[in-house]
Each structure stands twice: as C-alpha cells, then as structure tokens.
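Before I ask anything, let me first share the structure, which is written out below as structure tokens.
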Amino acid sequence: MKIITIFVEYKVLNRSEVKHKTMIVLNKQQIITEQFPNGETKVKDFDQLIAADNLLEFTYQEDGDLIRLFFVKNRLDEAEASCRLLIRYMPYSRMDRKIDGDLFTLKYVAAFINNLHFDQVYVVEPHSETTLSLLENSTAIYPALDWLPQLMEKLQFSDNDRIVFPDKGAAARYLNSGYQNVCVFEKKRNPQTGRIEAMELKTGDMMAGVKCIIVDDLCSAGGTFLWAGNILKEMGASEIYLLVTHCEPRIFKGALLNEDSPIDRVFTTDSMMNTTHPKLNYINLTTESYV
C-alpha cells in the first residue's frame, strides 16, 4: 500500500435538490443522495449495485448521514441481501462515557447501528474500546500501524529518531507495535472546560536534532499536538510530523497549520474532510486490505 496525496473537489448544486457530499458507498459504487428544500432526503435507486454479499462504506459528516444509512440498509433488507458495514469514522466516539450534565450519546448511536443488524461492522481507528463494546459484531481496523513504517521511510527516519504518543490513550492503542525510541506524554485537562492545563514527557527521552512522528487517532483543533510539538522543539527536535487517521475541519480554526507551528506536516485520511492545505497530506485508505 502506497502513501498517496489525494484531492477531491465537490460542486455546489441547485438548492432544490442538493447532492450530499458525504459518501455511502455500496460495493465500491457511491450511492447518490439528494435533499429537498424542506430538508428531507431522497436516495436514488441503487438496485443494480446490490449483490449477494454486500459491503457498505459509511463516511459521517453530519447527523443526517445516519438517516441516509438507515434508508440504504432497509432497502438491502427488502432485497434479503447480506451486508457488512465499514465505518470510516465512528460518530460520537469521543462521547464514550457518562459525564454529569450530558447524555452518553455514543451508546445511543451504537444502539441505532445495532438495530440495523449488519452481519459485521468494521470501525477504522475507534477512539476507545468503548465503541467496540457497544457495537455488536464489531472489529477495529488500525491502518496507522501500516502507514507508520512507510512514513518513516519516506521521511528518512534513522535509529535515533522518535515515535511520539501524545497521551496514554494513544500509547495504549499503538505502543505494542514494537517500535524503539518511543516517547509518551501525559496531559492534564480541566474537567469543566476540557482544556489542557499541563503536559509532561513521561516515557522516553529526546536528543537534539532528531525527527519525531506524533501518532494518534483523531485531531480536532490540534491543541494537544501543538502543546506536545512545542515541548519537543524546546527539547531539541528538528522536524515534527503528525500522523492522525481522522482530522476534523476544526483544524483550520486552530494554530496547528500556521507557518510558525511546531508541526511541519500532517498526514491524515479523508474520513472527515478533504480540504487542501500546504501542510496537509492525505493518505488513501485502501479498504480491500482490511475487510
């Protein structure tokens, strides 16, 4: 599997019937959905795509995508066709526990998907094990582990360079991958605001002039990676890259992609966005390698 930079352009259509840009792909063919002026969804007929054994690839960008998935799966049930589901990013996966004042929404979204009765559900880089515990017949896919050695080769990593995990959660997902020279940060958040209040390198060390790849599953505005990147720079790192499977459009509201950011480049997939930027490199997720 090769690392590929991909750019996709979408056109805005007439408001009367707007084609939805988020993809629901059946057996490698995109299902076309449109939206009426009152917000109701139209799903174009796709019977010609239905096979005996089907794979649906689901890309979430808004809650309306869940109703689109509901319509598509019900049509497959009418055709008595078996179906597996690949979730490129599990919606609500960060709401993975009950917090005072908020609903445990991941539980309800998982129940919604369970009620669609897929034969198998594959989740790309789930944020925590809670997702798999809530989703029936589910399996996690961790493509970052496959991309990392290729990225190291592309960036001409040496034995002295470092793989960095920004927190204990990332370390738990990837630390058993067998890499040497690993660094792990520990961060402290304000329980009310969720903002990072402190960050400290707990495992590993840093030498002047080394390259670093920070590895994690999800980037929002990028505050965690900025904090870690600044510490690594202060400790002497020469180049710092971020490999993150899911990247929210909120990255453009933070400072992670600024010219003076400690992060030189971000490598990610189009599971949540595909907006171009000089510091963004998109990796192609080849589903045939995993399902």
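Using Cα pairs closer than 8 Å and at least 6 residues apart in sequence, work out the relative contact order for region 15-141, in percent.
Reported relative contact order: 19 percent.
OK, next. Report Rg (one decimal) and Dmax (nearest whole number) for region 15-141, counting Cα atoms only, units Å.
According to the Cα coordinates of region 15-141, Rg and Dmax are 14.9, 48 Å.
Further question on the same structure: Kirkwood hydrodynamic radius (Cα pairs, Å) of region 144-268?
Kirkwood hydrodynamic radius for region 144-268: 14.5 Å.
Now a separate question. Local charge sum around VAL291 (other residues, Cβ-Cβ under 15 Å, Lys/Arg +1, Asp/Glu -1)?
-3
Could you state the number of Å between the C-alpha centres of region 196-255 and region 39-114?
32 Å
Sum up the charges of everything whose Cβ sits under 12 Å from the Cβ of HIS277, counting Lys and Arg as +1 and Asp and Glu as -1, but leave HIS277 out.
+1
Starting with the fewest neighbours, write out LYS279, LYS73 ranked by other beta-carbon atoms found within 10 Å of each beta-carbon.
Lowest to highest Cβ neighbour count: LYS279, LYS73.
Name the residue from THR33, GLN61, PHE225 whose Cα lies farthest towards the positive end of the charge dipole of the chain, charges +1 on Cβ of Lys and Arg and -1 on Cβ of Asp and Glu.
The one lying farthest along the dipole's positive direction is PHE225.
Pull up all non-local amide H partners of VAL123: gap of 5 or more, or a different chain, and H-to-H distance under 5 Å with H placed in the peptide plane.
Close amide H contacts, sequence-distant or interchain: ILE87, THR139, ALA140, ILE141.
Okay, moving on. Rounded to the nearest 500 deg cm²/dmol, what is the calculated helix-only ellipticity per residue at 222 nm for the chain, with -39500 (n - 2.57) per DSSP H run of length n ≥ 4?
-6000 deg cm²/dmol
Rg and Dmax of the chain over Cα atoms: what are they, in angstrom?
20.2, 62
For CYS183, which sequence-distant residues (separation of 5 or more, or a different chain) have an amide H within less than 5 Å of its own amide H, given hydrogens modelled in the peptide plane?
Answer set, sorted by chain and number: ILE163, VAL164, PHE165.
Additional query: Counting DSSP beta bridges in region 104-231, what percent are antiparallel, to the nearest 5?
DSSP beta bridges in region 104-231 are roughly 40 percent antiparallel.
What percent do you get for the relative contact order of the chain when only Cα pairs under 8 Å and 6+ apart count?
Computed value for the chain: 14 percent relative contact order.
Counting only DSSP beta bridges with both residues in region 15-141, what percent are antiparallel, rounded to the nearest 5?
40 percent
May I pose another question? Got the relative contact order for region 149-257 handy, in percent, Cα pairs under 8 Å and 6 or more residues apart?
25 percent
Could you point to the residue in LEU155, LEU242, MET199 farthest towards the positive end of the chain's charge dipole, with +1 and -1 charges on the Cβ of Lys/Arg and Asp/Glu respectively?
Looking along the dipole axis, the top candidate is MET199.
Along region 146-158, what does the Karplus equation 6.51 cos²θ - 1.76 cosθ + 1.60 (θ = phi - 60°) give for ³J(HN,Hα), rounded to whole Hz, x for Gly and Pro?
Karplus values, whole Hz, x for Gly and Pro: 7, 6, 4, x, 5, 5, 4, 5, 4, 8, 6, 5, 10.
Considering only the other residues whose Cβ falls under 9 Å of the Cβ of MET199, what net charge follows from Lys and Arg at +1 and Asp and Glu at -1?
-2
Provide the percentage of antiparallel DSSP beta bridges, counting only those with both residues in the chain; round to the nearest 5.
30 percent
For each of ILE213, ILE87, ILE50, ILE99, count neighbouring Cβ atoms within 10 Å of the residue's Cβ, then give the residues from fewest to most.
ILE99, ILE50, ILE213, ILE87
Here, each number is a calculation from the coordinates, and none is a lab measurement. Only a predicted model underlies this, so the values are computations on that prediction, with no experimental measurement involved. Note that each Cβ is placed from the backbone with ideal geometry, even for glycine, and that neighbours are counted across all protein chains shown.
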